[in-house]
Amino acid sequence: MFKYFFIKELKETLRDARFQVMGGLVFILLITATLVGYRGFDQLQQMRKQAQQQVRQEWVGQGNKHPHSAAHYGHMAFKPKPTLSFMDFGLDSFTGMVVYMEAHKQNDILYSQAQDSTSLIRFGEMTIAFVLQMLMPLLIIFLVFASITREREGGTLKMMVSQGVSTRKILLYKISSYSFITLLLFLPAFLIASTLLFRQSHTALQTHLTGKFFTLLSAYWAYFMIFIVLSVLISAFSKTSRMALVQLLGVWIFFCILMPKATANIADNLYTAPAKYEFDDVIKKKVEAGIDGHNPSDKRFEALKQQTLKKYGVDSIAKLPINFSGLAMQVGEEYTDQVYDQEFKKVQQVFKSQNRVSEVAGLINPLLAIRQVSMGLAGTDYHHHVKFATEAENYRRKMVKMANNDMMVNHKPGIAYKDYKVGRGFWESLPPFQYKMASLNEIVQQNLWGIAALLVWFLGGFALILYRSSSISIV
Amino acid sequence: MLEAKDLTKTYGNKVAVDRLNLTIQPGDIFCLLGANGAGKTTTINLFLNFITPTEGQISIKGIDVVANPLETKKHLAYIPENLMLYPNLNGLENLEYFSGLAGKSFSRDALVNFLLEAGLQEDAHKKRVSKYSKGMRQKVGIAIALAKNAEVLLLDEPTSGLDPKASNEFAALLQKLKQQQVATLMATHDLFRAKETGTHIGIMKEGQLVEQLTTQEIDHSDLEKLYLQHMN
């Protein structure tokens, strides 16, 4: 029975001029987005890889100098483009891509693509994610809105039921047929994407690439199914095709246009992140006055001095077996790090709360859910940005500590600053910066809300179909 | 074959079918006459279980329609008024689809034969239904009914909008099915056809079956008089 149903749906849809135009358009957009997205990713990734290598060569080949000078000379970390980012640019276009790492201070991650673009970028980019998240639901709506109403209007629903098909079967068959048709549109782009992906190995940076890719596809499939089920349901319970279309377009506008914007604004109003200037100012003040405000830096310096003299049983800095400046700088560095970590955690908490708002909103709106999950799996979400920032900061601390330690131990008192130098061997002992992406497991855990929301929508839709299908009006 | 006992359907305060009692035997062609809104279509829809009765019993071949909606459908064929079919498919494809839904699978030749038997010219079989006239669509509907080989035929104004020739061919087909002991319930406005092809006539008014007689008992002019008498 299903065979006949399926063949008929397929023929009817493929012969429908509206579908041919819309489907063709989405089909072309999807393939274009895939190719363009991949090319863009490939170029950026090559550039950043080259830049990272160049920075490393400059570090290693910086000649003989004092380690602390090198720590001031600094180092740079470029954020690598995650392989799957060609499917979903996510926040990557708005977050910075390079951070300058130097002694004494934490710098921002700078130079986002958005800075170089016109404000048009705010309207979104032509990425696979855009096509899949925004346009596919629209196509599905145009494909499915009349699925039941047209059958009712043309008397064929009555004919079908009179031939002994239950309404539940009709709805489930419709859903199966449309999910296959959607898959047909999606398949060529998927094949191109997977060929591009697996043609070359990007696995140095990526973990679980295959797993992430297929999880991403499953998430999108679930997202499409949600819209298919929703459209079939609304069509089944609408009196006319026109009413079904109006309702579904209303749903689309609410899900894809109004609510994402509103959610971002609400989240921003509920949890306001401090301005960059405030953030820096707080850190500066706390470092000077002490975390509790009663332990200024000169007092801390004096205490460290007394403590160190006592430890080595000498009465002046000159008699110490170590370089006190090196020690003092490292201790100061760690104090700043402590302040920074505290403040950074606060800001992160604000962003986390903002994210939580849209995570919870995902339970009302599947678009918000798929957006989170998709960015997470593509490696372009907030969590990945924080991970990069944290790893870059850890690397900076490692670099600074290495320089300070060497100075403390090897730069003996009495030798002038300009006369103590280290060379290539020392530079090479700092391993190159390597950023590792989150594992599939971590991503799933970070996006539990989004995944749960998609599941709830998916299962809820089917539950409604099973539960309500017998109350559909046939006449 | 077809039986309704005290069949009643109400929508709020409005009574669409009012305590209807009806029995149709194999080989009977029962023509339901009545003005629009008299409850003819509602009666047919009740036999199809498209709507559930408010009160009373309704059965096909002794099987309760409400309790076994899928079982009773196996025995019946139905042609709605103004059947649109699928405009993007051709006649043959439409027939194959609906037969397939009923769980039947036919060879291409067998399908062609059903369409020919229903009176659809062979050159039309592979044209899209969007190019069909109403009469041609109706013929595909008949072919679907023929292919189902049902013992019960439910027809909702099958000849409305057909030209006299098509209408005549349709009547001939009904006679043929009558020979095969098919029980037919047909809602119609066509008094002439009802007298010519029907075996029984029922006149409905405001949900009630106000008159029930065999076609042998009455001639044309008397039938018309009787009908108009009830309508006024």
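The values are calculated or read from the model by the stated rules, or taken from the named source; none is laboratory data. Bear in mind that the values here come from a model prediction, so they are computed numbers and not experimental data. Here the Cβ positions follow ideal geometry from the backbone for every residue, glycine too, while neighbour counts run over all protein chains shown. Surface accessibility is based on the protein's heavy atoms, side chains included, excluding ligands, DNA and RNA. Shrake-Rupley method; radii C 1.70, N 1.55, O 1.52, S 1.80 Å.
The condition (being closer than 18 Å to A:Ile465 by Cβ, open to solvent by less than 40 Å² (accessible area, probe 1.4 Å) and either within 14 Å of chain B (Cβ to nearest Cβ) or of a type outside the set (Ser, Thr, Tyr) (or both)) is satisfied by just one residue among A:Lys174, A:Lys158: A:Lys174. Of all residues assigned to the range A:380-399, at least one qualifies as being more than 27 Å from the chain's Cα centre (by Cα) and of a type outside the set (S, T, N, Q).
Look at (1) of a type outside the set (S, T, N, Q); (2) farther than 30 Å from A:Ala369 by Cα; (3) touching a residue at least 40 places away in the same chain (Cβ under 8 Å); (4) surrounded by fewer than 16 Cβ atoms within 10 Å (Cβ to Cβ) and you find that A:Asp298 fails only one, number (3). Within the range B:180-191, the set of residues being without any contact (Cβ under 8 Å) to a residue 60 or more places away in the chain and exposed (fewer than 15 other Cβ atoms within 10 Å of the Cβ) comprises just one member, B:Gln180. Within the range A:328-354, restricting attention to residues that are closer than 24 Å to A:Asn441 by Cα and without any contact (Cβ under 8 Å) to a residue 40 or more places away in the chain, the residue that is surrounded by the fewest Cβ atoms within 10 Å (Cβ to Cβ) is A:Lys345.
Restricting the range A:422-447 to residues that are more than 14 Å from the chain's Cα centre (by Cα) and not in a loop (DSSP other than H, G, I, E, B), the residue that is modelled with the highest pLDDT is A:Asn441.
Looking across the range B:62-76 at every residue that is more than 9 Å from chain A (Cβ to nearest Cβ) and farther than 13 Å from B:Ala150 by Cβ, the one that is least open to solvent (accessible area, probe 1.4 Å) is identified as B:Val65.
Taking the listed residues B:Lys139, B:Lys126, B:Lys165, the one that is on the phi < 0 side of the Ramachandran plot, away from every other protein chain (no Cβ under 11 Å), without any contact (Cβ under 8 Å) to a residue 24 or more places away in the chain and of a type in the set (Lys, Arg) is B:Lys165, with no other qualifying. Residue count for the range A:455-475 satisfying the condition of being part of a helix (DSSP H, G or I) and within 14 Å of another protein chain (Cβ to nearest Cβ): 3.
Note on the range A:301-323: residues that are assigned to a helix (DSSP H, G or I), open to solvent by less than 40 Å² (accessible area, probe 1.4 Å) and at pLDDT 75 or above total 2.
Applying the condition of being at the interface with chain A (Cβ under 7 Å from one of its Cβ atoms) and within 15 Å of the chain's Cα centre (by Cα) to the range B:77-88 and asking which residue is surrounded by the most Cβ atoms within 10 Å (Cβ to Cβ) yields B:Tyr78.
Inspect the range B:8-26 for any residue being open to solvent by 30 Å² or more (accessible area, probe 1.4 Å) and within 14 Å of chain A (Cβ to nearest Cβ) and give the result as yes or no. Checked the range B:8-26: at least one residue is open to solvent by 30 Å² or more (accessible area, probe 1.4 Å) and within 14 Å of chain A (Cβ to nearest Cβ). For the range A:162-171, the tally of residues that are open to solvent by 10 Å² or more (accessible area, probe 1.4 Å) and facing chain B (nearest Cβ under 9 Å) stands at 3. For the range A:411-421, the count of residues that are modelled with pLDDT of 80 or more, open to solvent by 40 Å² or more (accessible area, probe 1.4 Å) and either assigned to a loop (DSSP other than H, G, I, E, B) or farther than 30 Å from A:Gly250 by Cα (or both) is zero. Only residues that are touching an Asp or Glu at 6+ places or on another chain (Cβ under 8 Å) and hydrophobic (A, V, I, L, M, F, W, C): list them for the range B:1-54, please. Across the range B:1-54, the qualifying residues are B:Met1, B:Leu7, B:Val15, B:Leu20, B:Leu22, B:Ile24, B:Ala38, B:Ile44. All of B:Gln229, B:Gln216, B:Gln175 fail the test of being in a helix (DSSP H, G or I), open to solvent by 40 Å² or more (accessible area, probe 1.4 Å) and more than 26 Å from B:Ile60 (Cα to Cα), apart from B:Gln229. Looking at B:Asp109, B:Asp156, just one residue is more than 8 Å from chain A (Cβ to nearest Cβ), open to solvent by 50 Å² or more (accessible area, probe 1.4 Å) and among the charged types (D, E, K, R), and that residue is B:Asp109. Residues in the range A:125-155 that are out of contact with any helix residue (DSSP H, G or I) (no Cβ under 7 Å at 6 or more places or on another chain), open to solvent by 20 Å² or more (accessible area, probe 1.4 Å) and facing chain B (nearest Cβ under 9 Å): none.
The helices (runs of 4 or more DSSP H) falling completely within the range B:89-157 that include 2 or more residues that are over 20 Å from the mean Cα position of the chain (by Cα) map to B:91-101, B:108-117. Scan the range B:28-61 for residues that are open to solvent by 10 Å² or more (accessible area, probe 1.4 Å) and farther than 19 Å from A:Val475 by Cα and the total you get is 7. Only residues that are part of a helix (DSSP H, G or I) and over 16 Å from A:Ser473 (Cβ atoms) were counted in the range A:155-173, giving 3.
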